[in-house]
1. When VAL147 is evaluated against the numbered criteria (1) touching a Ser or Thr at 6+ places or on another chain (Cβ under 8 Å); (2) β-branched (Val, Ile, Thr); (3) in contact (Cβ under 8 Å) with a residue 40 or more places away in the chain, which criterion, by number, is the only one it fails?
2. Tally time: how many residues in segment 215-258 are within 28 Å of the chain's Cα centre (by Cα), part of a loop (DSSP other than H, G, I, E, B) and of a type in the set (A, V, I, L, M, F, W, C)?
3. If the Cβ limit is 6 Å and pairs must be 6+ apart or interchain, which residue in segment 18-43 that is outside any helix (DSSP H, G or I) pairs with which residue that is of a type in the set (Phe, Trp, Tyr)?
4. Consider ASP332 carefully, then state whether it is among the acidic types (Asp, Glu), modelled with pLDDT under 95 and assigned by TED's automatic domain parsing to the domain that holds HIS218.
5. Quick one: which residue in SER188, SER279, SER249 is of a type in the set (S, T, N, Q), at pLDDT below 95, surrounded by fewer than 21 Cβ atoms within 10 Å (Cβ to Cβ) and over 28 Å from GLN121 (Cβ atoms)?
6. Check segment 290-313 and report whether any residue there is outside any helix (DSSP H, G or I) and at pLDDT below 95.
7. Of the numbered conditions (1) at pLDDT 95 or above; (2) part of a helix (DSSP H, G or I); (3) buried (at least 16 other Cβ atoms within 10 Å of the Cβ), ALA273 fails exactly one; give the number of that condition.
8. Checking THR79 against (1) part of a helix (DSSP H, G or I); (2) under 19 Å from the mean Cα position of the chain (by Cα); (3) among the polar types (S, T, N, Q), which single condition isn't satisfied?
Amino acid sequence: MKLAIAFTNFGPYHLARLRALGISLGQRGRELVAHEMAGEEKKYPWRAERLAEPFTWTTLFPDHAIEDLSAASCVAAMTEALDRDRPDAVAVVGYARPESMAALKWAENHGKPAILLSETQEIDHPRAWWKEAVKRRRVRRFAAALVGGERHRAYLAKLGMPFDRIVLGYNAVDNVGYASRTQALRSSGERPPGLADRDYFLAVNRFVPEKNLVRLVHAFAMYRADAAPECAWDLVLCGGGPDEAEVDSLIRHLGLKAAIHRPGFLQESELAAWYAHASAFVHPSRMEPWGLVVNEAAACGLPLLVSDRAGCVETLVPDPPGATGRRIDPDDVDAMAGAMAWMAGLEPAERNDMGCRASRVVFDWGPERFASGLIEALELANSGSGAPSQVSREEYAR
């Protein structure tokens, strides 16, 4: 039995999941074929290392960035790859990208089940009725689904996927790798430059409006204004993107250049030092389907301040408040500043206990959970109860 899956470009998150899935399928005498659409993605310029992988890795456009490919070329390449590999089932990421819809159509044409992989929650965007109608028609064509958490399951069920065909566990990172790297760095005592003896909040984001970094900087300024100078924390903003100039201008305007550090976009191995010595992690996004950086921070044992809009928040910052951290309202700058003051005011042992609880929570949601979840969804798809809903010819044409 052969399963095919495709992502736009393989980064660390994808490879951690694919390796776990490939191993799990191999133990069952099954095979995984993973299609990487392009060798580069400008939005996420990560570097991936090919190892002795437990799956077949095929890059369809090795010398191109995904942003430079036309929809027609993605459709043609995916169809050709599936015609060549002849999988017994396909796992499809979302219901929008051209190669995803091509894989779904290929599965239908060949009588194979298609599993939907989704991290969309209803609150991510304003919802137009006609767009939701299109999504419902597409969702009905899948036999089962793997999603991130309860919010994602609720939204997919609202779009028409039967609740009992939706499995949790899609969003995962290499928990063991993050934990081992940060533990080694803590033991070595080596700290990031310029932060030899300072506590700091850490944020890891693309610099785009939905990540809400302007409000975070304002909240940090309010926190610093009220904190005693001798114990005030710094803030580290890792990442890059189109809003960098605006954020840097605001930092200068508020006189915070000495307290806010900007290391830029970092590869996974480079991030480890910043995770290792942070005192807390803050994630203020106004729109966040999941928030995999929160998984990373939790795996590294950090206490968490996470936007209540993030899809991960109910999983990684569960009730009661304070178990692993606190949920924050990304639109309320005063409350965000208050949450930072609350976190900084805790005893180190209290923060350490929160971080330990966060690491225990996230270790239940690692790559192995992704693998077992997708295999469960595959079994549902292959069972009689997993047959997709019948779609009329008129609906299919739309």
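1. In the conditions (1) touching a Ser or Thr at 6+ places or on another chain (Cβ under 8 Å); (2) β-branched (Val, Ile, Thr); (3) in contact (Cβ under 8 Å) with a residue 40 or more places away in the chain, VAL147 misses (3) alone.
2. Total meeting the criteria: 1.
3. Close Cβ pairs satisfying both conditions: LEU32/PHE55; ALA34/PHE55; ALA34/TRP57; GLU36/PHE10; ALA38/PHE61.
4. No: the conditions fail for ASP332.
5. Values: SER279 fails: at pLDDT below 95; SER249 fails: at pLDDT below 95.
Just one listed residue meets the conditions, SER188.
6. Applying the first criterion (outside any helix (DSSP H, G or I)) to segment 290-313 yields 290-291, 300-312.
Cutting the leftovers down to at pLDDT below 95 gives us none.
Among the residues of segment 290-313, not one is outside any helix (DSSP H, G or I) and at pLDDT below 95, which makes the answer no.
7. (1)
8. The failed condition is (2).
The values are calculated or read from the model by the stated rules, or taken from the named source; none is laboratory data. This is a predicted model, so every value here is computed, not measured. Here the Cβ is made from the backbone with ideal geometry for all residues, glycine too, and neighbour counts use every protein chain on show.
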